[in-house]
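The values are calculated or read from the model by the stated rules, or taken from the named source; none is laboratory data. Please read these numbers as outputs of a predicted model, since none were measured by experiment. Every residue, glycine as well, gets a Cβ built from its backbone with ideal geometry; the counts of neighbours run over all protein chains shown.
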Amino acid sequence: MGTRPEIIKMAPVIIQARKEGNIKAEILHTGQHRTLAEEMFKHFELTPDYDLAVMQENQSLFELTARITNGIGEVLEKNSDYDMIFVQGDTTSAFLGALCGFYKKIPVAHIEAGLRTKDKYSPFPEEINRRLVTPIASLHFAPTKRAAEMLLAEGIEEKYIKITGNTVIDALLQSVEKDYDLLPGVERILEMPGRLILVTTHRRENFGEPHRQIFQALLDISKKYEDVKILLPLHLNPNVRNEAKLILDDKPRILLTEPLSYRNFITAMKYSTIIMSDSGGVQEEAPSLHKPVLVLRDSTERPEGVETGALKIVGTCRKTIVEETSRLLDDAEAYKIMAEAPNPYGDGKSSQRIVEEACKYLRGLN
Ligand code: UD1
Ligand code: UDP
């Protein structure tokens with residue numbers, strides 16, 4: 001693992017695996033993310049056994065790929081008696097973890113398998129990363145029935161596909177009920193009167209003009225609704241931060257912050273009226289908290305949430321974002337339909353299923 005969402009989604013599996021006495025789970029952190037990752041390891045009280053520390057400022061996919069491959073390669077050259085390598089999702093760390101496992105002929109288990117948009121450039125490079133993990137993996141943990149069907153359609157044998165739910169719900173449910181200390185700035189905006197819109201955005205395909213449109217739309221909304229406040233925790237990617245600050249810094253009722261700790265972010269989700277995001281994890285978490293999500297992308301690999309009504313794809317056009325947000329702010333019935341839609345992504349027991357199935361596979365019982 002290497003990025004914020006991988007740590008959140010892998011942590012419950014590691015914790016569960018370590019509870020099962022006969023599993024020794026080691027953590028290889030590529031260090032694709034630094035600060036964002038440290039915060040998550042701290043939250044889950046986990047320490048990497050290996051830290052490749054590959055992150056560089058504004059890293060390109062070429063150099064990132066080379067550094068991660070060499071780093072994992074070195075670890076596996078020294079110790080190749082792992083029975084299984086787990087990778088999660090679709091980041092560069094996940095894809096290369098699988099590839100390196102293949103080079104050493106170690107079985108790979110893929111958590112969150114079978115997500116597809118069918119558009120190879122959206123999300124970029126994640127759609128291809130996850131597709132490339134599929135033929136390498138020996139065991140596929142699909143979060144939903146639809147994801148399992150995608151894998152079957154690609155020729156994966158049914159007995160190696162397990163429908164488990166998404167471990168992001170395990171992490172969320174284990175953390176959501178607790179009371180947390182909030183950062184003073186976050187506390188202030190949460191307690192200010194008014195309806196809160198929580199926004200996150202970081203996808204590579206949204207860099208540049210799409211981000212400008214999104215940020216202009218937020219400005220339009222804040223001018224149109226005096227009872228609306230906007231909280232935008234900025235991803236550490238400089239491509240996101242610079243553009244956001246240019247358009248939204250020091251605007252009334254808009255707060256740009258550093259990335260929030262997982263605890264602060266969960267609390268902000270609980271306080272929000274609407275969430276706008278291009279994040280994968282947020283699309284899965286928000287329906288559990290009954291918060292409508294306007295998806296700032298042209299496609300999603302999470303159509304289950306669109307079908308239940310919890311998510312709506314609004315793209316990145318300024319005018320459409322303002323219209324769709326206004327609809328939810330003005331029309332209580334439209335809001336209720338989205339907020340009350342069921343969560344299709346899991347029941348909080350995904351990591352238990354994953355560990356059970358992995359053990360069965362390793363004992364030759366599948
Ligand atoms: C990565 C993943 C994306 C995932 C996202 C989750 C790839 C190619 N991208 O995108 O799939 O959805 O993480 O957040 O795998 N940075 C820091 N400190 C950090 C983290 C990032 O400063 O702790 C900055 C650095 O300048 C870094 C840049 O962000 O070079 C980009 O990081 P990178 O991991 O390449 O891409 P993300 O946009 O974070
Ligand atoms: N998150 C967080 N703090 C923030 C923003 C997001 O803890 O300021 C958490 C959020 O709860 C979710 C995960 O980070 O579980 C999503 O990560 P991200 O959007 O970076 O990646 P993606 O899910 O799009 O791959």
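Could you grab me the full set of residues in the stretch 99-116 that are at negative phi and within 13 Å of ligand 1 (Cβ to nearest atom)? Across the stretch 99-116, the qualifying residue is only Leu115. For the stretch 199-206, state whether one or more residues are more than 16 Å from ligand 1 (Cβ to nearest atom), among the aliphatic types (A, V, I, L, M) and on the phi < 0 side of the Ramachandran plot. No, the stretch 199-206 contains no residue that is more than 16 Å from ligand 1 (Cβ to nearest atom), among the aliphatic types (A, V, I, L, M) and on the phi < 0 side of the Ramachandran plot. Only one of the numbered conditions (1) in contact (Cβ under 8 Å) with a residue 24 or more places away in the chain; (2) away from ligand 1 (no atom under 12 Å from the Cβ); (3) of a type in the set (A, V, I, L, M, F, W, C) is not met by Met55, and that is (2).
Out of all the residues in the stretch 96-127, which are among the hydrophobic types (A, V, I, L, M, F, W, C) and in contact with an Asp or Glu (Cβ under 7 Å, 6 or more places away or on another chain)? Leu115, Phe124 - these are the residues of the stretch 96-127 that are among the hydrophobic types (A, V, I, L, M, F, W, C) and in contact with an Asp or Glu (Cβ under 7 Å, 6 or more places away or on another chain). The set of residues from the stretch 278-296 being more than 10 Å from ligand 2 (Cβ to nearest atom) and either assigned to a loop (DSSP other than H, G, I, E, B) or not hydrophobic (A, V, I, L, M, F, W, C) (or both) comprises Pro287, Ser288, His290, Lys291, Pro292, Leu296.
Meeting the requirement of 1 or more residues that are within 16 Å of the chain's Cα centre (by Cα) and at pLDDT 95 or above, the helices (runs of 4 or more DSSP H) wholly within the stretch 1-113 are 4-19, 35-44, 92-103.
A quick yes/no check of all residues on (1) within 14 Å of ligand 2 (Cβ to nearest atom); (2) part of a helix (DSSP H, G or I); (3) closer than 19 Å to Gly281 by Cβ; (4) not aliphatic (A, V, I, L, M):
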{"site": "Ser175", "(1), (2), (3), (4)": "yes, yes, yes, yes"}
{"site": "Gly185", "(1), (2), (3), (4)": "yes, yes, no, yes"}
{"site": "Arg188", "(1), (2), (3), (4)": "no, yes, no, yes"}
{"site": "Ile197", "(1), (2), (3), (4)": "no, no, yes, no"}
{"site": "Glu205", "(1), (2), (3), (4)": "yes, yes, yes, yes"}
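Restricting attention to the stretch 221-246, the residues that are more than 16 Å from ligand 1 (Cβ to nearest atom), more than 17 Å from Gly185 (Cα to Cα) and either buried (at least 19 other Cβ atoms within 10 Å of the Cβ) or among the acidic types (Asp, Glu) (or both) total 3.
Taking first residues from the stretch 195-208 that are more than 12 Å from His235 (Cα to Cα) and among the hydroxyl-bearing types (Ser, Thr, Tyr) and partners that are in a helix (DSSP H, G or I) and within 11 Å of ligand 2 (Cβ to nearest atom), no Cβ contact under 6 Å between residues at least 6 apart in sequence or on separate chains turns up. Name the one entry in Pro233, Pro184, Pro210 that is at pLDDT 95 or above, over 16 Å from Asp249 (Cα atoms) and not acidic (Asp, Glu). Just a single option satisfies the conditions, and that option is Pro210.
Picking from residues in the stretch 257-277 that are within 13 Å of ligand 1 (Cβ to nearest atom) and part of a helix (DSSP H, G or I), the one that is nearest to Leu232 (Cα to Cα) is Phe265.
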